[in-house]
1. How many of the residues in region B:424-451 are within 14 Å of chain C (Cβ to nearest Cβ) and closer than 18 Å to residue B:378 by Cβ?
2. Out of all the residues in region B:414-436, which are assigned to a helix (DSSP H, G or I) and under 20 Å from residue B:123 (Cβ atoms)?
3. Which is in contact with a helix residue (DSSP H, G or I) (Cβ under 8 Å, 6 or more places away or on another chain), within 30 Å of residue A:244 (Cβ to Cβ) and surrounded by 23 or more Cβ atoms within 10 Å (Cβ to Cβ), of A:90, A:133?
4. Enumerate the helices (runs of 4 or more DSSP H) found wholly within region A:1-116, keeping only those where 1 or more residues are within 30 Å of residue A:176 (Cβ to Cβ).
5. Quick check on residue A:344: is it part of a loop (DSSP other than H, G, I, E, B) and touching a strand residue (DSSP E or B) at 6+ places or on another chain (Cβ under 7 Å)?
6. Quick test for you: out of A:229, A:237, pick the one residue that is in contact with a helix residue (DSSP H, G or I) (Cβ under 8 Å, 6 or more places away or on another chain), on the phi < 0 side of the Ramachandran plot and modelled with pLDDT under 95.
7. Within the bounds of region C:46-64, is there any residue that is under 16 Å from residue B:37 (Cβ atoms), part of a helix (DSSP H, G or I) and more than 7 Å from chain B (Cβ to nearest Cβ)?
8. Given the structure, is residue A:306 more than 13 Å from chain B (Cβ to nearest Cβ) and in a strand (DSSP E or B)?
């Protein structure tokens, strides 16, 4: 391919796809390289939770903006990802949880999240499906969820409409040159003036192509879904400890998450569930919404999530490599992705992003060759 | 609490039971697991508990089932009945749920013998109550001593057509018609290939003669075009098909006032265990679809994992028993319980038998294999995925939208996301996607995921104390 | 023995498969499909199709995998 794109994005999850989309709409010629099909990794299999109650304080302003974008997906994305905006409840069953919840809700509230601590009885008024043992709950009226598996089709349509060159089933293997960049793929070299690394847990090996060492911890998150059941809940439910996310989709299935860990290996790409971990997760779900116990588990699966050393995003320019950027490891990345991608796109387009990015300089290990590439 | 043993066998049909017996006889500790109350799988399925006295042991399969269960009872195999396997993990942790809740087993070797399930290629009306599988009709007749209906149409392909028709007739039911996709010529060719299998031929001839005596119309090279329902009864429209299952121009006819239709278009190997374990598979149209890659003894490409029976490819009950025995011997040999010479001498006759049976089973497998023309013919408004009401038109639209394989199709349409986990529609969906993707390999197969069957959450959670739940380190605020 | 289906009593035999007992009583329609609301009944009778999943004494079970018990309460609740 002899074209020189204005921007190459490596990684077709929601981060990469969103950056590609916004830059293309601003007039750039964009190529999106994805080794599989877009949004089939974590972006297609996560719990879809759009909650502020698990968002880190520093990320609350970003999540608030992103929530507004999700609620308006038909406007800017143009296609449906099944977003449901509803109340969110974070439950406390023990004294310890009550303490944790109260403190954290207050801190999040200070950061702008409209979270109120309510009694167990009040919580049951909002969510009749709750069991009786809730002490207190964090209540947030700006909450909800999207349907992760709809992400791929929605973004595909938007990307195609925006004229992005969608290079799926194309494996990026390295960066042969910079300025302009030549990305080596199994279908030949792709040339571009700018580069965004958005490969999920693989941003670590990808940044290594540029001589940059960014350690990424790989989480293996488990999820479970029931078959369609009669309505058992109407809010998005979590627990103070963070070990539960729970929602029922309009079509009736209930998705159970909460970051319970399975097993997995980034190098082989293989992952799987740990049975006791699934059982623990399901127990919490049934503890929160007892009627769930009537349902049957239809499917469980795992997905990779990236985490930096300080559990904050890796979003911004790559130090020492002009016109190279990274976008990933956001922590509850799906929730905030559209807004974070919008900010990075502003940066790539030469504007001052309307909010601070998260430059990765803070996270880098010193490499043996301290001299950076110019 | 995890129960440890030398070998776990999943599935107690002819393959699994033979495997368990062979391994136990060689000295391995064996746990045999099945969802059902009794061993036998589907082909040798035990009659209902209260009907055992009424078994006609002239029925070959019934007699074989009795012998199988007796041999199992006499053996040292520990048969765990009524347990549903939901997860299989690292070498080889086997998680089950049953009447007493969660039970977990572990062994360094596992034999997957989960059998096959029936395929029905969709047509308008196939989801109407009163329409059931051929295997379902067989279960009612043999295990429940019950007619599927008073006036029945029996349709599809394979030897089961005549068997079911004969049993319905013999039981006093009215077989309105038998609708066979195969032509007389295809049957003649099958007969030739089965020429030395006197028992099979005699049995088959008996069925057909019985039907002729009762003047049951048999329509060859025909298929059901649609079924409609009115006033609680079904009317069945049939029409001619060619060798590939495509509708031929020709008069269709209507069979009215039917209260049950038994229809089945072959069998699909159940490969969920070997797929979940990451073993290599290959697409084998003759043997029913995706099958695990095996050596002659039944070893998969995953160390310690073996497979046998119709779950590895449709070959029938006798081949299943032979394959099971070989896998059981292999497991025993690999575990060091049999020295190489003994393993070789015990395996030799079984290996020869397997080769011999393979020749004959191919003829029947051909009758049961998926007919691409039949899939191509599925009308746009026909439901393909029963669980999620996904129609052919929805699938075609998703493919036009860019769905390049069955898993992407699943994300676009929910096809395959229902509780049957893609079993009822999977083979047909693969064929539909292959029309555009170019091959079944390109179309792919559903990503394997646990649970292997839906499990009630109530059974999984058991009894616990909230305070015992693990408290993680809180995520930084 | 007797089973109670949505309040109605039907007869059943000891040892009978629940799905078979329902068919014998003329109850072929067990549930409705999720999107179109069309009637469905038992199809495969071997635990695969899930079409016979109904509420048995308050718990969702596959009628083809369950033996009848005297006084069983069954609910054909339709689509979720």
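1. Residues meeting the conditions: 5.
2. Residues of region B:414-436 that are assigned to a helix (DSSP H, G or I), as a first pass: B:426-436.
If the condition is that a residue be assigned to a helix (DSSP H, G or I) and under 20 Å from residue B:123 (Cβ atoms), then B:426, B:427, B:428, B:429, B:430, B:431, B:432, B:433, B:434, B:435 are the ones that fit.
3. Exactly one residue qualifies, and that residue is A:90.
4. Here the list reads A:14-25, A:42-45.
5. no
6. A:229
7. Yes - at least one qualifying residue is present in region C:46-64.
8. The answer is yes for residue A:306.
The values are calculated or read from the model by the stated rules, or taken from the named source; none is laboratory data. Nothing here was measured: the structure is a model prediction, and the numbers come from that model. With ideal geometry, Cβ positions are generated from the backbone for all residues, glycine too; neighbour counts draw on all protein chains shown.
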